[in-house]
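Engineer: Mind having a look at this structure? Questions to follow.
The values are calculated or read from the model by the stated rules, or taken from the named source; none is laboratory data. Everything numeric here is computed off the predicted structure, so don't read it as measured data. As a convention, Cβ positions derive from the backbone with ideal geometry for all residues, glycine included, and neighbour counts pool all protein chains shown.
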Amino acid sequence: MNVVSCVKMFSVFIVGTAGAGKSLLTAALEKWFTSLEMSVAIVNIDPGVDDPPFTSDVDIREYIDYGNIIETFGLGPNGALVAAVDMAVNYVQDIRDEILETAADYVIVDCPGQMELFAYRNSGPLIVSGLAGNEPAIALYLVDANIARTPEGFLSSLLLGISINMRFRLPQLNVLSKSDILMSDKIEEIRAWGEEPYLLEDALSAEIPDISREYSEAVLRMLQDLGGSTGVIPVSAKQMTGIDELYGKMQQIFLGGDNLER
Ligand SMILES: Nc1nc2c(ncn2[C@@H]2O[C@H](COP(=O)(O)OP(=O)(O)O)[C@@H](O)[C@H]2O)c(=O)[nH]1
Ligand SMILES: [Mg+2]
């Protein structure tokens with residue numbers, strides 16, 4: 001069923017490590033878009049989520065019964081998630097049809113909690129590309145403020161972001177999630193690490209004296225050569241801050257002002 005083929009839909013996939021704040025950011029984005037009377041649909045593709053902080057318009061749990069998979073196959077939570085995501089591939093077209101039926105301008109997709117199980121199985125990227133179709137789509141990659149507060153935590157989060165970008169192959173923005181747990185000067189310091197790589201190199205050398213300058217230079221150069229952005233947008237889903245800036249950056253990509261287009 002091709003419901004509305006001429007509709008211009010923008011899909012936003014929320015990705016990041018377990019507990020990084022994906023579901024709460026999804027809820028915050030819904031609230032923000034709705035408060036501005038913009039048309040938005042919320043899609044949950046985490047089969048294992050118990051009580052998400054938003055009401056979804058389309059929900060993978062209508063198709064996949066995670067609890068039943070655990071019981072029937074005697075699997076643990078990770079094994080069951082792998083099985084659930086693999087099974088979900090069969091329903092991508094149904095879920096996509098449901099999304100098209102919403103006829104929303106923006107579609108926010110909350111992705112499964114355990115990013116490593118979702119991104120590094122073939123089924124994860126298949127689901128993402130199947131749901132996005134040919135319309136513009138981006139990934140918001142959440143860098144948890146708890147981890148990004150140290151230079152090595154920040155750099156390793158960016159590296160994971162590149163790895164996830166290789167899997168999903170979508171234009172990607174780095175979001176510094178839970179920014180409310182940091183003091184404002186710490187947020188500025190992290191932003192500066194992202195904007196001026198030499199500051200991150202300095203911070204890395206100060207924090208980990210045995211890391212060589214050449215090593216951190218090489219890693220940062222690789223990140224940039226791969227087209228990975230090192231900049232982060234601080235957002236607090238709890239306090240609803242930073243969403244205006246995030247939206248502005250998303251718009252730049254959607255309007256074609258970014259060379260990361262697929
Ligand atoms: N302080 C603070 N906590 C947050 C924020 N976003 C999420 N959290 C908390 O982090 C935990 C994990 O959030 P959740 O959205 O479920 O993460 P997910 O596993 O990536 O979907 C929860 O306890 C949230 O309340 C935020 O912006 N600020
Ligand atoms: Mg979640």
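Engineer: I need the helices (runs of 4 or more DSSP H) fully contained in the stretch 73-134, keeping only those with at least 1 residues that are of a type in the set (Gly, Ala, Ser).
Structural biologist: 77-88, 115-119, 123-132
Engineer: Also: Hey, can you tell me all the residues within the stretch 158-188 that are more than 19 Å from the chain's Cα centre (by Cα) and either in contact (Cβ under 8 Å) with a residue 12 or more places away in the chain or part of a strand (DSSP E or B) (or both)?
Structural biologist: Ile181, Leu182, Lys186, Ile187
Engineer: Right, another one. In the stretch 27-48, what residues are assigned to a loop (DSSP other than H, G, I, E, B) and under 16 Å from the mean Cα position of the chain (by Cα)?
Structural biologist: The answer is Ile45, Asp46.
Engineer: With respect to the numbered conditions (1) outside any helix (DSSP H, G or I); (2) buried (at least 20 other Cβ atoms within 10 Å of the Cβ); (3) at pLDDT below 95; (4) over 14 Å from the mean Cα position of the chain (by Cα), which one is the sole condition not fulfilled by Leu155?
Structural biologist: (1)
Engineer: It is to be established whether one or more residues within the stretch 54-61 are in contact with a Leu (Cβ under 6 Å, 6 or more places away or on another chain) and over 21 Å from Asn122 (Cα atoms).
Structural biologist: Looking through the stretch 54-61, none of the residues is in contact with a Leu (Cβ under 6 Å, 6 or more places away or on another chain) and over 21 Å from Asn122 (Cα atoms).
Engineer: When you check Gly113 against the structure, is it surrounded by fewer than 17 Cβ atoms within 10 Å (Cβ to Cβ) and either closer than 19 Å to Gly48 by Cβ or among the acidic types (Asp, Glu) (or both), yes or no?
Structural biologist: no
Engineer: Would you pick out the residues in the stretch 135-152 that are in a helix (DSSP H, G or I) and either under 26 Å from Met240 (Cα atoms) or at pLDDT 95 or above (or both)?
Structural biologist: If the condition is that a residue be in a helix (DSSP H, G or I) and either under 26 Å from Met240 (Cα atoms) or at pLDDT 95 or above (or both), then Ala145, Asn146, Ile147, Ala148, Pro151 are the ones that fit.
Engineer: Considering only the stretch 34-42, I want to know if a residue exists there that is within 20 Å of Asn78 (Cα to Cα), within 15 Å of ligand 1 (Cβ to nearest atom) and in contact (Cβ under 8 Å) with a residue 12 or more places away in the chain.
Structural biologist: There is no residue in the stretch 34-42 that is within 20 Å of Asn78 (Cα to Cα), within 15 Å of ligand 1 (Cβ to nearest atom) and in contact (Cβ under 8 Å) with a residue 12 or more places away in the chain.
Engineer: Here is a further query. In the stretch 200-212, what residues are charged (D, E, K, R) and surrounded by fewer than 12 Cβ atoms within 10 Å (Cβ to Cβ)?
Structural biologist: Asp210
Engineer: Within 19 Å of the chain's Cα centre (by Cα), more than 16 Å from ligand 1 (Cβ to nearest atom), β-branched (Val, Ile, Thr) and modelled with pLDDT of 95 or more: is that true of Val58 in this structure?
Structural biologist: Against the criterion (within 19 Å of the chain's Cα centre (by Cα), more than 16 Å from ligand 1 (Cβ to nearest atom), β-branched (Val, Ile, Thr) and modelled with pLDDT of 95 or more), Val58 qualifies.
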